[in-house]
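Presented below is the structure to which this report refers.
We did not get these values from a lab; they are worked out from the coordinates using the rules stated. Source: prediction; values computed, not measured. Positions of Cβ are generated from backbone atoms using ideal geometry, with glycine treated the same way; all protein chains shown enter the neighbour counts.
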Amino acid sequence: MGYGDVQMIDEKGNRVDGRKAGDLRPIEIELGVVPVADGSASVRWGTNYVIASIYGPMEAHPRKIQRQERAVLDVRYNMAPFSTTDRFRPGFNRRSREISKVTAEALESVVLLELYPRSKIRIEIEVICAEAGTRCVGLTAASLALADAGIPMTDMVVSVASGKINDVVVCDLNKEEDNYGEADLPMGILPNSGELVFLQMDGDLSPEQFQEAWDYNMDAATKIHLMMKEAIANKYGGES
Amino acid sequence: MSSSGASDGRTSAAPGSLVIPGDKICTDSGGQLGHGVMKLDGSIIATKLGYIVEKGGEISVTPLHTAYFPRPGDLVLGYIEGMRANIWFIDLGAPFNAILPMSLAPMKVEFGATRDAMNVGTTILCRVQEIDESHSSVVTMKGMGLRKVNSGFVDTVPPHLVSLLSSGNNPILSQLKDASNCRIILGANGRVWVDGEPEGIRTVRDTLSFIRDNGDSDNLSSKVADHLKQGNGE
């Protein structure tokens with residue numbers, strides 16, 4: 001039994017929302033949703049709804065943040081006050097600061113920053129509706145928006161989290177599983193090379209469970225990458 | 001930790017197909033690389049979202065969106081954003097403002113009188129003179145036709161469509177000029193100056209809006225021709 005004796009997976013392996021252990025929530029991707037931005041993307045992932053928009057490259061202000069040899073990524077992750085059932089207090093807080101930082105660091109691994117010395121690329125991630133795994137959805141949406149803005153990158157970034165509920169490792173936790181589960185392993189993956197650009201872990205996983213969660217995330221990244229390509233091909237009418 | 005299970009790996013893509021960053025275009029055989037591609041682990045991969053182009057042995061990706069980056073010699077339309085005693089700062093729509101030194105202005109300007117000559121918000125037609133390695137650019141207004149723009153209006157098209165508008169057998173720009181009877185100047189930064197009769201200006205604005213919406217489709221030139229015919233009631 002899990003935390004608080006909440007049973008979240010039955011003997012047949014069905015989760016509270018009917019998914020099997022390795023299943024993802026439904027994902028819908030759309031590009032170019034913010035006309036005034038240089039690039040944008042929205043991702044509906046289960047009940048999560050996140051919009052990412054890109055502005056720039058532009059002159060970095062204040063000047064103290066400029067780097068002479070490369071651009072800086074200015075990431076702002078924000079949850080709308082109405083994105084959760086309890087009103088979310090607006091403004092920057094410790095959590096959003098942390099997520100903005102790890103998202104910027106993950107994206108810095110793929111964006112060719114050296115092509116834009118002294119400039120800044122502004123990435124706005126707005127969580128409209130939050131269920132669970134908004135940092136993963138935000139990172140994935142930001143990667144799509146960067147591609148839409150024509151920012152050169154070596155690869156896309158796909159982010160997904162697996163975790164443990166009732167001592168069973170499952171892929172892509174929903175809200176109940178995230179709240180009452182025993183562990184959570186969000187990862188940012190480069191789908192073409194399988195390299196990792198972001199990893200966090202909350203809770204305890206044995207080495208075997210860690211490997212299982214890792215494998216789930218890698219498989220999910222492949223599926224999401226194909227969805228990304230499909231969404232881009234639908235938008236721009238090509239065979240990707 | 002095993003890294004297996006990641007994606008189907010990099011599979012090659014044919015010229016003309018749509019690629020996203022990270023997609024493998026082909027194995028690196030020592031050919032020339034153009035825009036939007038790079039070598040990585042023995043392969044040539046796309047770094048931008050766009051279509052693969054292979055021309056004369058050079059592989060590149062024509063991006064669907066891209067920011068304008070000034071190049072020496074570019075004819076551009078800029079807005080004055082600020083000034084000091086002897087220079088103006090010009091917004092070219094690029095990541096960085098360009099500078100226009102007093103010595104490269106088209107008129108005689110006294111030291112400290114830059115604001116009197118050209119104030120903030122003035123539109124100018126200028127040419128990019130030089131760029132340094134940190135992307136700082138200098139523009140000049142000394143040259144044939146370079147001037148303050150006092151009439152007409154300025155619209156925009158995405159910078160990556162500029163070459164498409166002015167190339168080919170029947171350039172879209174010529175079609176627009178013929179259909180609208182307007183004077184049109186297309187800046188390399190995607191800004192378009194239009195001056196003429198109100199009816200002609202309306203036609204140009206309408207067509208530029210059509211180009212912005214359909215810029216990434218095939219046969220843009222013939223589509224624009226059809227659009228102009230429909231607009232003229234033919």
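Some values worked out for this structure:
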quantity: Surrounding net charge for B:ASN170, when Lys and Arg each add one and Asp and Glu each subtract one, Cβ distance under 15 Å; calculated: +1
quantity: DSSP-assigned coil residues among chymotrypsin sites (Phe, Trp or Tyr not before Pro) in region B:77-162, each with at most 16 further Cβ atoms within 10 Å; calculated: B:PHE111
quantity: Region A:105-240 - Rg and Dmax from Cα coordinates, angstrom; calculated: 15.8, 50
quantity: Volume of the Cα convex hull of chain B, divided per residue and given in Å³; calculated: 171 Å³
quantity: Anisotropy class of region B:18-63 from Cα gyration tensor, a/c 1.5 cut; calculated: oblate
quantity: Top of B:PRO15, B:PRO101, B:PRO70 by mean-square fluctuation, Gaussian network on chain B, Cα under 10 Å; calculated: B:PRO15
quantity: When each of A:LYS64/B:LYS24; A:LYS223/B:LYS48; A:LYS175/A:LYS223; A:LYS12/A:LYS223; A:LYS235/B:LYS48; A:LYS175/B:LYS48 is checked by Cα-Cα distance, pairs over 26 Å; calculated: A:LYS64/B:LYS24; A:LYS175/B:LYS48
quantity: Solvent-free Debye scattering, log10 I(q)/I(0), computed from the Cα coordinates of the protein assembly as shown at q = 0.08 Å⁻¹; calculated: -0.56
quantity: Residues of type lysines that B:LYS177 reaches as a straight line, Cα spacing below 28 Å, ignoring anything fewer than 8 places off in the same chain; calculated: B:LYS142, B:LYS148, B:LYS223, B:LYS229
quantity: Ratio of the Cα radius of gyration of chain A to 2.2 N^0.38 Å, where N counts its residues; calculated: 1.02
quantity: Residue of B:SER151, B:SER222, B:SER134 that the Gaussian network model of chain B assigns the largest fluctuation, springs spanning Cα pairs under 10 Å; calculated: B:SER134
quantity: Candidates per trypsin sites (Lys or Arg not before Pro) in region B:101-205, loop by DSSP, up to 11 other Cβ within 10 Å; calculated: B:LYS108
quantity: Within straight-line cross-link reach of B:LYS55, aspartates and glutamates at Cα separation under 15 Å, skipping those fewer than 8 residues along the same chain; calculated: none
quantity: Computed over region B:75-149, Cα set: Rg, Dmax in Å; calculated: 11.1, 32
quantity: Neighbour cut-off at most 13 other Cβ (10 Å), DSSP loop, trypsin sites (Lys or Arg not before Pro), region A:1-92; calculated: A:LYS12, A:LYS20, A:ARG87
quantity: Relative counts (whole %) of C-alpha pair distances in region B:153-231, using bins that are 5 Å wide; calculated: 3, 17, 32, 30, 16, 3, 0
quantity: A:ARG95-B:ARG147 pseudo-label distance in nm [points 7 Å out on the Cα-to-Cβ vector]; calculated: 6.1 nm
quantity: Rg ratio (alpha-carbon, reference 2.2 N^0.38 Å) - region A:85-137; calculated: 1.38
